[in-house]
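Novice: Submitted below is the structure of interest, expressed as structure tokens.
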Amino acid sequence: MKKFRSAALALGLVTAAPALAQQAPAPTTAPAPAPATPPRLLVVISVDQFSADLFAEYRSQFTAGFARLMSGAVFPSGYQSHAATETCPGHSTILTGDHPSRTGIIANNWTDFSAPREDKQVYCAEDESVPGSTSSKYTVSDKHLKVPTLGEWMKLADPQSRVVSVAGKDRAAVMMGGHKVDELWWWDGKAFVSYADRARPAMVDRINASVATRIAEEQAPLELPAFCRARSRAIALPGGLSVGDGRFARAAGDARAFRASPEFDESILALGAGLATDMKLGQNGHTDLLIVGASATDYVGHGNGTEGSEMCLQLLSLDQTLGKLFAVLDSTGVDYAVVLTADHGGHDLPERNRDHAAPMAARVDAALEPEEVGKAIAATLGLKGELLRGDVAGDIYIEPGLTKAQRAAVQAAAIKRYAAHPQVQAVFTAAQILATPAPKGPPETWSLLERARNSYYAGRSGDFVVSLKPRITPIPNPKLGGVATHGSFWDYDRRVPMLFWRKGMTGFEQPLSVETVDIAPTLAALIGVPVPVQIDGRCLDLDAGPGTTCK
């Protein structure tokens, strides 16, 4: 497989540990048992849009970082068990131990008619009170996350614990890092940045300079490994687009193409490795937390789908990059534990899904856009205004400038219209959802209404919620919104892998379902940190040290 000229990753690794620049990843097993003391460093990795289906498809091909993780505790059916399977809600569950119904992060965006600006759409990781801001031009903030994270639990137990969070997306870094972080960095489209009041470490400057140089250079197509060749097939899409046989060729200066390539994750992991070594994480006598949000898989999935040569190259490259990250951490001599999971799954573009025994796969009817439904209802009821806001599926909001009777009429007409559409599976009102008890038992058995309950936060969620049928992609026009996505109530978007590893731990695989909310309490038990608040998750037995036989 042809390697990228990864200046960003090479810089991070060479700066951190020069002897490891060309060293192969450490062996995936170790003869010594796990230490009898808690690890000094927790490493939490989220691979954006890494579904359980993708893990199952590629696990036999992994030879480096993923292979090491698979020698530990493997939970192939971890669940982002809520309904709104988007990036922000998913990341909010990983290190809080809570579902979105507690975290308050119900979606990437929601409508707030009380927002102090003309734009009433609110982004999950912004402060909408900043003058002149919009939901697309915003100031990053953690204010909407309603609960503390593992890093905050750690600092409460030991104020000298340090928390470092780096990601390709601001919402990933913020939702996993929480409200009290020592370093928090994300990619803004041009460079890695942080809050305005943060000093910039030298490592960030080095990585940014290296990435800028790399983006300015042309990238030749990658060679396809034999495993990827069978997946390389052009798929024609509406509007003259074609995906499925790409190899990440990139013109000089194309930052968007860089973001949707394996090089992007290399730069993110390089920054994480560099900060870990420069800050000597895990070496100061206290337990530290390194959080890494690898975002390229999501951009590859949205831009190319999940079953082409592009995803194949991305995941095989990520496997090698993870191996290099672990080699750097090995070189420090720190006893560290790793968990890798995802914020949500994803499904392939409908044009290729129909070739894979999914004849029902289709793009959503544009008539289901809330603006269009609202227009039709307004004409029927003799009302004026937009009436409905939201996305084509998920939370739908009724305009506030209506009488109580008008609101009731609009909601009844909207529910009737949505429910009658052949692409709609279910419609639930806020009252129905809030009257539903929090679900219990295996998450794959929950009803759609119970899944909606775990996503619903009163005062922030919609007046009613719409679920599309399976394999209906909520993108009417791929030229305007990407070719494939996620976000549904269905298990292909809910189910993700959860992989735990620590040197010397006894490896095993647990096929039964667990939840991503179980990660934070499990890691807290591993390092002996009490959970200071009531949470939704539970501790999982790992046999990775004295704390992970859950009590």
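The values are calculated or read from the model by the stated rules, or taken from the named source; none is laboratory data. Because the structure is a prediction, the values reported are computed rather than measured. Cβ sites come from the backbone with ideal geometry, for glycine too, and all protein chains shown count toward neighbours.
Novice: Looking at Leu540, Leu512, Leu526 in this structure, which one is more than 19 Å from Pro76 (Cα to Cα) and either at pLDDT 95 or above or buried (at least 21 other Cβ atoms within 10 Å of the Cβ) (or both)?
Specialist: Leu526
Novice: Quick check on my filter: what residues within segment 228-241 are exposed (fewer than 14 other Cβ atoms within 10 Å of the Cβ) and outside any loop (DSSP other than H, G, I, E, B)?
Specialist: Answer for segment 228-241, where residues must be exposed (fewer than 14 other Cβ atoms within 10 Å of the Cβ) and outside any loop (DSSP other than H, G, I, E, B): Arg229, Ala236, Pro238, Gly239, Gly240.
Novice: Counting only residues that are more than 30 Å from Val43 (Cα to Cα) and out of contact with any helix residue (DSSP H, G or I) (no Cβ under 7 Å at 6 or more places or on another chain), which one in segment 478-500 is surrounded by the fewest Cβ atoms within 10 Å (Cβ to Cβ)?
Specialist: Leu480
Novice: Since Ala357 meets every condition but one in (1) at pLDDT 95 or above; (2) part of a loop (DSSP other than H, G, I, E, B); (3) surrounded by fewer than 15 Cβ atoms within 10 Å (Cβ to Cβ); (4) aliphatic (A, V, I, L, M), which condition does it not meet?
Specialist: Against the list (1) at pLDDT 95 or above; (2) part of a loop (DSSP other than H, G, I, E, B); (3) surrounded by fewer than 15 Cβ atoms within 10 Å (Cβ to Cβ); (4) aliphatic (A, V, I, L, M), Ala357 comes up short only on (1).
Novice: If you check every pair at least six apart or on different chains, which have Cβ atoms under 6 Å apart with a residue in segment 249-260 that is within 15 Å of Gly189 (Cα to Cα) first and a residue that is among the hydroxyl-bearing types (Ser, Thr, Tyr) second?
Specialist: Arg259/Tyr299; Ala260/Tyr299
Novice: Could you say which residue among Ile527, Ile519, Ile475, Ile535 is farther than 22 Å from Val163 by Cα, β-branched (Val, Ile, Thr) and touching a Ser or Thr at 6+ places or on another chain (Cβ under 9 Å)?
Specialist: Criteria check complete, one pass: Ile475.
Novice: Same structure, new question: Please state which of the following conditions Ala367 fails to meet, knowing it meets all the rest: (1) in a loop (DSSP other than H, G, I, E, B); (2) over 30 Å from His286 (Cα atoms).
Specialist: (1)
Novice: How many residues are surrounded by 12 or more Cβ atoms within 10 Å (Cβ to Cβ) and in a loop (DSSP other than H, G, I, E, B) if we restrict to segment 187-204?
Specialist: Summing the residues that are surrounded by 12 or more Cβ atoms within 10 Å (Cβ to Cβ) and in a loop (DSSP other than H, G, I, E, B) in segment 187-204 gives 7.
Novice: Those residues that are part of a helix (DSSP H, G or I), touching a helix residue (DSSP H, G or I) at 6+ places or on another chain (Cβ under 8 Å) and buried (at least 20 other Cβ atoms within 10 Å of the Cβ), I need them from segment 205-221; list them, please.
Specialist: Within segment 205-221, Ile207, Ser210, Val211, Arg214, Ile215 meet the criteria.
Novice: Residues that are under 26 Å from Asn284 (Cβ atoms): list the helices (runs of 4 or more DSSP H) wholly contained in segment 25-94 that include at least 1 such residues. Talk me through it step by step, then tell me what you get.
Specialist: Working: elements: 52-58, 65-70, 87-94.
Because the criterion is at least 1 residues that are under 26 Å from Asn284 (Cβ atoms), the helices (runs of 4 or more DSSP H) in segment 25-94 that meet it are 65-70, 87-94.
Novice: Could I ask something else about it? Criterion first (out of contact with any Pro (no Cβ under 9 Å at 6 or more places or on another chain), outside the structural domain of Ser92 (by TED's automatic domain parsing), part of a loop (DSSP other than H, G, I, E, B) and closer than 24 Å to Thr87 by Cβ) does Pro400 satisfy it?
Specialist: Details: out of contact with any Pro (no Cβ under 9 Å at 6 or more places or on another chain): yes; outside the structural domain of Ser92 (by TED's automatic domain parsing): yes; part of a loop (DSSP other than H, G, I, E, B): yes; closer than 24 Å to Thr87 by Cβ: no.
Against the criterion (out of contact with any Pro (no Cβ under 9 Å at 6 or more places or on another chain), outside the structural domain of Ser92 (by TED's automatic domain parsing), part of a loop (DSSP other than H, G, I, E, B) and closer than 24 Å to Thr87 by Cβ), Pro400 does not qualify.
Novice: Answer yes or no: is there a residue in segment 361-384 that is on the phi > 0 side of the Ramachandran plot and either free of Cβ contacts under 8 Å to residues at least 40 places away in the same chain or of a type outside the set (A, V, I, L, M) (or both).
Specialist: Yes, some residue in segment 361-384 is on the phi > 0 side of the Ramachandran plot and either free of Cβ contacts under 8 Å to residues at least 40 places away in the same chain or of a type outside the set (A, V, I, L, M) (or both).
Novice: I'd like to verify a number: residues in segment 387-422 that are farther than 20 Å from Ala458 by Cβ, touching a residue at least 60 places away in the same chain (Cβ under 8 Å) and surrounded by fewer than 20 Cβ atoms within 10 Å (Cβ to Cβ), how many?
Specialist: 0
Novice: Separate question: Of the residues in segment 457-476, how many are surrounded by 24 or more Cβ atoms within 10 Å (Cβ to Cβ) and either at pLDDT below 95 or under 16 Å from Ile398 (Cβ atoms) (or both)?
Specialist: Residues in segment 457-476 being surrounded by 24 or more Cβ atoms within 10 Å (Cβ to Cβ) and either at pLDDT below 95 or under 16 Å from Ile398 (Cβ atoms) (or both): 4 in total.
Novice: Let me ask another. Quick test of your reading of the structure: Thr522 fulfils all but one of (1) over 27 Å from Leu349 (Cα atoms); (2) in contact with a strand residue (DSSP E or B) (Cβ under 7 Å, 6 or more places away or on another chain); (3) of a type in the set (Ser, Thr, Tyr). Name the failing condition by number.
Specialist: Just one mismatch for Thr522, condition (2).
Novice: What helices (runs of 4 or more DSSP H) lie completely within segment 439-551 and have 2 or more residues being within 16 Å of Thr341 (Cβ to Cβ)?
Specialist: Working: elements: 448-453, 478-481, 491-494, 519-527.
Hits in segment 439-551: 491-494, 519-527.
A quick yes/no check of all residues on (1) in contact with a Lys or Arg (Cβ under 9 Å, 6 or more places away or on another chain); (2) surrounded by fewer than 24 Cβ atoms within 10 Å (Cβ to Cβ); (3) hydrophobic (A, V, I, L, M, F, W, C); (4) touching a residue at least 24 places away in the same chain (Cβ under 8 Å):
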residue	(1), (2), (3), (4)
Gly97	yes, no, no, yes
Gly104	yes, yes, no, yes
Ser114	yes, yes, no, no
Glu128	yes, yes, no, no
Ser135	yes, yes, no, yes
Leu150	no, no, yes, yes
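Novice: Which count do you get for residues in segment 292-307 that are small (Gly, Ala, Ser) and either surrounded by fewer than 24 Cβ atoms within 10 Å (Cβ to Cβ) or not assigned by TED's automatic domain parsing to the domain that holds Glu183 (or both)? Before the answer, list the steps.
Specialist: Going through segment 292-307, the residues small (Gly, Ala, Ser) turn out to be 293-296, 301, 303, 305.
Next, only the ones that are either surrounded by fewer than 24 Cβ atoms within 10 Å (Cβ to Cβ) or not assigned by TED's automatic domain parsing to the domain that holds Glu183 (or both) stay: 303.
Adding up the residues that qualify gives 1.
Novice: In segment 477-502, which residues are at pLDDT 95 or above and not hydrophobic (A, V, I, L, M, F, W, C)?
Specialist: Thr485, His486, Gly487, Ser488, Asp491, Tyr492, Asp493, Arg494, Arg495, Pro497, Arg502
Novice: Going by the structure shown, is Asn284 closer than 30 Å to Lys469 by Cα, surrounded by fewer than 24 Cβ atoms within 10 Å (Cβ to Cβ) and not aliphatic (A, V, I, L, M)? Reasoning before the result, please.
Specialist: Values: closer than 30 Å to Lys469 by Cα: no; surrounded by fewer than 24 Cβ atoms within 10 Å (Cβ to Cβ): yes; not aliphatic (A, V, I, L, M): yes.
It is false that Asn284 is closer than 30 Å to Lys469 by Cα, surrounded by fewer than 24 Cβ atoms within 10 Å (Cβ to Cβ) and not aliphatic (A, V, I, L, M).
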